[in-house]
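The values are calculated or read from the model by the stated rules, or taken from the named source; none is laboratory data. This one's a predicted model, so the numbers in the text were calculated from it and none came from an experiment. We place every Cβ from the backbone using ideal geometry, glycine too, and count neighbours over all the protein chains shown.
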Amino acid sequence: MTSRLAFQDRTSLAMLALLAVLLLLGTVFSIAAPQFLSARNLSMLLIEFSMTSVLALGMLLLILPGHIDLSAGSGVGLTGGITAVLIMHHQVPAPLAMLVALAVALLVWRGMGHIIVSQSIPAFIITLGGLLTCKGVFWLIIQNTTVPVSPGGAPNLLAILTTYYLPPRPSYVLAGLTILVLALLRWRSYQQQKLRGPVDKELQLLSFLVPAQVIALVVLCCGQFRGLPLPSLILLVVALFVHVLLTHTRFGRALYAIGSNEEAAFLSGIPVGKTVVAAYTLMGALVAVTGFMQTAYAGASTTTVGDLMELDAVAACVIGGASLRGGRGSALGVLLGSLVMACLLSGMSLLAVPPEARFIARGVVLALSAWLDVRLSKLS
Amino acid sequence: MSAPALTPNAAATAPVLQLRGVRKRFGGIVALAGVDFSLQPGEIHALCGENGAGKSTLIKILGGVHPTGSFDGEYLAFGQPARLQSVRDATQLGIAVIYQELVLCEGLTVAQNLFLGREPTHGPLGLFVDHARMRSEARELLGRFGLQNELDIDQPISTLGVGQKQLVEIVRALHQQSRVLILDEPTAALSTREITTLLALLRGLQARGVALVYISHKLDEVFALADRITVLRDGRSVMSAPAHETDAASVIRHMVGRTLTELYPARPLTQASTETPLLQVQSLSLAADKKSPLRLRDISFQLHAGEVLGIFGLMGAGRSELLLHLLGAWGERRQGQVLLGAQPLPWPLTPQEAIRRGLVLVSEERRRYGLLMDSSVGENLSLSSLSSLTRPWLPLLNEELEQARNTAISHKLRIKASGLQQPVRGLSGGNQQKVVLGKALLCQPQVVLLDEPTRGVDVGAKREIYEHISQLSAAGLGVILVSSELPELLGLSDRVLVLGGGQARGLFTREQAQPEVLLAAALSQKPAAAGAPTVTQEVR
């Protein structure tokens, strides 16, 4: 079968397989806990999924050129902590506080990228150092206390990140538009592929219908509760940005090229160092965005915000078909991978699975996905 | 598997190792086309030949790297058909091979490396390494080869010089009763003093009855050491004679004795014009990095528009390093400058900047340095020229233009692929090489640097690549061609620069550039060049 299918179609097949896994997970959880499929729970799931995804999309930018960021989770805590402390203890307006935290994240991540590239130290080590340092600085800043995101629960830009919902009616309009754009893009890519050679029509149709149905389903579901949560809109913007960045820009090509064969990329005139540092800087921005959302979702900055999120992000990438050796992976895959992780986490907390078992489940999923990654790269 | 016992009579007459009509192919490439080779007991047998003549393949067969069944023809070891499945089988028969790339654990000491994998043990179940015994046995071993002054058993390998590492490797290989020792260019990276030590060791081994096969490009060494010389060419043994019955000139003649075929497109000789040369290299002296000794010394040449400048040199002459340096991808410049047109090329330089200014490299070892193997033909073609695909008003790639451009270049170069979407891994060697060439041409370069552009490419594709090179020069580009294949170099170049021992050994016009002349220049051991590595030894 693989011989009949073009390379791209094989990746689409892997995506479909992932969807099957998701359906299975959903079925199991909804049977075990009927409230899993309630509009309210799905809305919470969407928020959690959005936060995991934004970080995982950033992680993809680093995994593609063969790097990794273990400090992401600590960074999420740190940026949220800086913002909350500035708002609560220094009466800084929320937007300004968020800007300061964003600037700090950009600087720190750019710095780490610079060290990794210029000293050619493995990313693993530097970001592991970053994990510990960020965590220490984070706890120092919040003084190991709980710092609420807004004084007296008054709404500010930080607090509304996870409390604002786009009302049902505009949500439907937005979803309709998104599906329309998706259809147009798919049609164009279908036309282009047809020029290059024979294409499996059914698979093409399926690869449009499935996401379209998912979007429609999500929006209709959310309409039953309060509408589309703001994080899902943030995710939409980030995902589109990353997707276009990866598939239609020089920067994206450079990331894939560096991950596939760094020496060849360098000799071909790709600015390897600059590209990687830029990827770290972008990661810093996405860490900050995730930090704001995650802290707002928790309602306050506490020492555990962001814990182990870097591992969920890596797992999401690998489950979504990215190779840890670099050079392979896509934004759509990462979204599906994050959905698997988010479903797993949310389902387990709904079933009141004890934390120790949750750790074990996450660990097994991470190891399994890495094993799958190796198997898959041997196949191709 | 126990080695057969040799009676004294049999040992005196029967060859230790013998190959009869051995053929070996790699895909479409014939590496050995019926080689006969025989090694007598206790002799030092030198194996000579140009790069790619089949020497490495031959010793890999002898050493069990290419197992029985992967080649045609007969292989007799100690009078019996050798059925080697692996290197281990060869070792057990007493055949040891030292390859050019040394395989020592850098972090371990000399003694630890000597006993790697067979450490003496003590304690219950032999659980603990007996360090005291290992050290005393190591010391004794070095003493047996007269190397106790050369090597310290407790020294980590990483602190040793190349020559000392070579000695460790040899002692390790001989550690168990080896009867045959095969060495692949053991002296290529050694200083004069180290070479002397090594040659003394080899003579000592010979006196103990070990038979040696010795590959070297240095003919003076070969004649000083060898009892017998065999020359390989195009996968055949074209000469095998006792060393005292032949001479260097005859060996060189046999190494190059090929006739130029119709493969090369006729090119009018480019007259060195009075215009400013496209590229001027002015007394470049280069080292690998700040601490390293000079790799290339005082190299100067000019390249004119429409000219093909060949660069010839043996393995390790610094040809690839020179090209990589021109692209800004290798080395530390100690002296000299490079002018592209009338403008000096800045240094430090990045490949990105070099390509932007019109200098592009088709690198050797395309799988390692040239291609993204799992990416598509299209992505590989565009890789160096993405900047010209960016739209002016949006930082997005113009994919229609990309498609059109890639389609055009793949038609022009006749790249055979199922489409631009096919991963390059699935292409033949020739077509992969055309993708690398296409990638370079899409940058619209002024100067094209070609490093072994036809290695591992079948004859048909070779011919096509030659035509493209010829067209490039006809279009007024400057081409620098590095090749180990003399006929190719002579068939295409207007002038040939010979590198050897880190120096320029002469610049020859097309009429002057006879194969024997070039090879003699590359092989010559000028005192200055031979002395250069000694200086590094002292610096260390």
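Suppose we filter B:Ala200, B:Ala207, B:Ala224 for residues that are surrounded by fewer than 16 Cβ atoms within 10 Å (Cβ to Cβ) and under 17 Å from B:Leu523 (Cβ atoms); which single one remains?
Step by step, each of B:Ala200, B:Ala207, B:Ala224 is checked, and only B:Ala224 is surrounded by fewer than 16 Cβ atoms within 10 Å (Cβ to Cβ) and under 17 Å from B:Leu523 (Cβ atoms).
Hey, any hits in the range A:93-100 for a residue that's touching a strand residue (DSSP E or B) at 6+ places or on another chain (Cβ under 8 Å) and at pLDDT 95 or above?
No, that holds for no residue.
Does A:Arg250 satisfy the condition of being over 22 Å from A:Ala103 (Cα atoms), touching a Ser or Thr at 6+ places or on another chain (Cβ under 7 Å), facing chain B (nearest Cβ under 10 Å) and surrounded by fewer than 24 Cβ atoms within 10 Å (Cβ to Cβ)? Talk me through it step by step, then tell me what you get.
On the way: over 22 Å from A:Ala103 (Cα atoms): yes; touching a Ser or Thr at 6+ places or on another chain (Cβ under 7 Å): yes; facing chain B (nearest Cβ under 10 Å): yes; surrounded by fewer than 24 Cβ atoms within 10 Å (Cβ to Cβ): yes.
In short, yes.
Consider the range B:324-352. How many of its residues are assigned to a helix (DSSP H, G or I) and either polar (S, T, N, Q) or facing chain A (nearest Cβ under 10 Å) (or both)?
3
Look at B:Glu402 and say whether it is within 12 Å of chain A (Cβ to nearest Cβ), in a loop (DSSP other than H, G, I, E, B), crowded, with 19+ Cβ neighbours inside 10 Å and among the acidic types (Asp, Glu). Give the derivation first.
On the way: within 12 Å of chain A (Cβ to nearest Cβ): yes; in a loop (DSSP other than H, G, I, E, B): no; crowded, with 19+ Cβ neighbours inside 10 Å: yes; among the acidic types (Asp, Glu): yes.
No, not satisfied.
In the range B:57-88, which residue that is surrounded by 19 or more Cβ atoms within 10 Å (Cβ to Cβ) and not in a loop (DSSP other than H, G, I, E, B) is nearest to the chain's Cα centre (by Cα)?
Taking the candidates together, the pick is B:Thr57.
Among the residues of the range A:317-328, is any within 14 Å of chain B (Cβ to nearest Cβ), at positive phi and over 16 Å from the mean Cα position of the chain (by Cα)?
Yes, some residue in the range A:317-328 is within 14 Å of chain B (Cβ to nearest Cβ), at positive phi and over 16 Å from the mean Cα position of the chain (by Cα).
Quick check on my filter: what residues within the range A:155-169 are touching a residue at least 24 places away in the same chain (Cβ under 8 Å) and either part of a helix (DSSP H, G or I) or closer than 12 Å to A:Arg226 by Cβ (or both)?
A:Ala159, A:Ile160, A:Leu161, A:Thr162, A:Thr163, A:Tyr164, A:Tyr165, A:Leu166, A:Pro167, A:Pro168
Determine if the range A:117-131 includes at least one residue that is aliphatic (A, V, I, L, M), under 16 Å from A:Ile68 (Cβ atoms) and in contact with a His (Cβ under 7 Å, 6 or more places away or on another chain).
yes
Being surrounded by fewer than 23 Cβ atoms within 10 Å (Cβ to Cβ), under 27 Å from the mean Cα position of the chain (by Cα) and facing chain A (nearest Cβ under 10 Å) is the filter here, so list the residues in the range B:353-371 that pass it.
B:Glu365, B:Arg367, B:Arg368, B:Tyr369
Are any residues in the range A:130-149 part of a helix (DSSP H, G or I) and surrounded by 15 or more Cβ atoms within 10 Å (Cβ to Cβ), and if so, which ones?
Residues satisfying the conditions are A:Gly130, A:Leu131, A:Thr133, A:Cys134, A:Lys135, A:Val137, A:Phe138, A:Trp139, A:Ile141, A:Ile142.
For the structure I just gave you, tell me whether A:Phe49 is crowded, with 19+ Cβ neighbours inside 10 Å and farther than 24 Å from A:Gly284 by Cβ. Break it down into steps so the answer makes sense when it comes.
Values: crowded, with 19+ Cβ neighbours inside 10 Å: yes; farther than 24 Å from A:Gly284 by Cβ: no.
Spelling it out, it is not the case that A:Phe49 is crowded, with 19+ Cβ neighbours inside 10 Å and farther than 24 Å from A:Gly284 by Cβ.
So B:Leu394 ticks every box in (1) out of contact with any helix residue (DSSP H, G or I) (no Cβ under 7 Å at 6 or more places or on another chain); (2) away from chain A (no Cβ under 14 Å); (3) of a type outside the set (Val, Ile, Thr) but one. Which box is left unticked?
(2)
Do we find that A:Val28 is buried (at least 19 other Cβ atoms within 10 Å of the Cβ) and either closer than 20 Å to A:Trp139 by Cα or more than 20 Å from the chain's Cα centre (by Cα) (or both) in this structure?
No.
Just for the range A:217-249: of the residues that are part of a helix (DSSP H, G or I), polar (S, T, N, Q) and farther than 10 Å from A:Ala331 by Cα, which one is modelled with the highest pLDDT?
Per the stated criteria, the residue is A:Ser232.
Is there any pair with a first residue in the range B:278-303 that is among the basic types (Lys, Arg) and a second that is outside any strand (DSSP E or B) and surrounded by fewer than 18 Cβ atoms within 10 Å (Cβ to Cβ) whose Cβ atoms are under 7 Å apart and which are 6 or more apart or on different chains, and what are they?
Matching pairs, first to second residue: B:Arg295/B:Ala288.
It is to be established whether one or more residues within the range B:117-135 are more than 24 Å from B:Ser56 (Cβ to Cβ), in contact with a strand residue (DSSP E or B) (Cβ under 8 Å, 6 or more places away or on another chain) and hydroxyl-bearing (Ser, Thr, Tyr).
Checked against the condition, which is being more than 24 Å from B:Ser56 (Cβ to Cβ), in contact with a strand residue (DSSP E or B) (Cβ under 8 Å, 6 or more places away or on another chain) and hydroxyl-bearing (Ser, Thr, Tyr), the range B:117-135 yields at least one hit.
For the structure I just gave you, tell me whether B:Ala417 is under 28 Å from B:Leu518 (Cβ atoms) and either surrounded by fewer than 19 Cβ atoms within 10 Å (Cβ to Cβ) or within 14 Å of chain A (Cβ to nearest Cβ) (or both).
In short, no.
Return the residues of the range A:271-280 that are in contact with an Asp or Glu (Cβ under 9 Å, 6 or more places away or on another chain) and either within 10 Å of chain B (Cβ to nearest Cβ) or closer than 15 Å to B:Gly370 by Cα (or both); say none if nothing qualifies.
Of everything in the range A:271-280, just one residue is in contact with an Asp or Glu (Cβ under 9 Å, 6 or more places away or on another chain) and either within 10 Å of chain B (Cβ to nearest Cβ) or closer than 15 Å to B:Gly370 by Cα (or both), namely A:Val272.
Exactly one condition in (1) in contact with an Asp or Glu (Cβ under 7 Å, 6 or more places away or on another chain); (2) within 14 Å of chain A (Cβ to nearest Cβ); (3) at pLDDT 90 or above is not met by B:Glu307; state its number.
(2)
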